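What follows is calculated from the coordinates using simple rules that are stated; it is not laboratory data. A quick note: this is a predicted structure, and the numbers were derived from the prediction, not measured. Cβ sites come from the backbone with ideal geometry, for glycine too, and all protein chains shown count toward neighbours.
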Amino acid sequence: MTKKVAVLVVNPVNGMGLFSYLEAFFENGIPYKTFAVSDVAQVKTNSGIDMRTDDTVASLKWHENEYDALVLTCGDAMPKFSENLDKQFNQDLVAVMKNFGDKNKILAGHCVAALLFDKAGIGAGRKVALHPFAKPHLKGSIGTDKKSVVDGNLYTAQTENTISSLLPELLKALK
């Protein structure tokens, strides 16, 4: 049975990364819903394109049972996360990731997604792929230099340019 995916969209989001996932899900008949990591559903891509998500991360919190997998798309995630550390939407982001992890659901992402999974405490002792600049900041996860890594329910890619190496395994797990 095909699994349903919640896609977290940071603001601003890397359009290439986001649309790599969304196209793959659409083309493979995998249902998904997008959630802005923001107070509002309107986000921008790094290149300035306006985009409206289906909802916000606040509405996903406590509804994790409705989804089988969580995908965190990246953009300027870490600078924006640090800038907005005290904002409720970032607290909701960490809580949602932790809830998915605690339920052993599929967690996927690229760039600094593994770093945020690590921050949520769900990557401890697990191998991950992530942006080389983020690797020194890992606390419990094991950063690799691989383009993509699957370790249990964690599916990670180094950057938006390596998502294609992750997608075949992720799609297999979602079908």
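Observations on the structure shown:
- The relative contact order of segment 43-134 comes to 28 percent, based on Cα pairs under 8 Å that sit 6 or more residues apart.
- Remark: segment 44-56, residue by residue, has Karplus-estimated 3J(HN,Hα) of 10, 7, 4, 8, x, 7, 6, 8, 10, 7, 5, 6, 10 Hz, where x stands for each Gly or Pro and the curve is 6.51 cos²θ - 1.76 cosθ + 1.60 at θ = phi - 60°.
- As a length-normalised measure over Cα pairs under 8 Å and 6 or more apart, the relative contact order of segment 1-73 settles at 45 percent.
- Phi-derived couplings, Karplus 6.51 cos²θ - 1.76 cosθ + 1.60 at θ = phi - 60°, listed residue by residue for segment 23-32: 5, 4, 5, 4, 5, 9, x, 9, x, 8 Hz, with x used for Gly and Pro.
- Cβ-derived FRET efficiency at R0 25 Å, K87 paired with K139, nearest 0.05: 0.70
- The mean of 1/r over all distinct Cα pairs in segment 6-154, once inverted, gives the Kirkwood hydrodynamic radius of 15.2 Å.
- Residue list for segment 2-17, given a label point 7 angstrom along the Cα-to-Cβ vector of D50 and an amide N cut-off under 18 Å: 11-13, 15
- Between H63 and M16, the C-beta separation translates, for a Förster distance of 22 Å, into a calculated FRET efficiency of about 0.20.
- Within segment 1-115, percent of DSSP bridges classed antiparallel, to nearest 5: 20 percent
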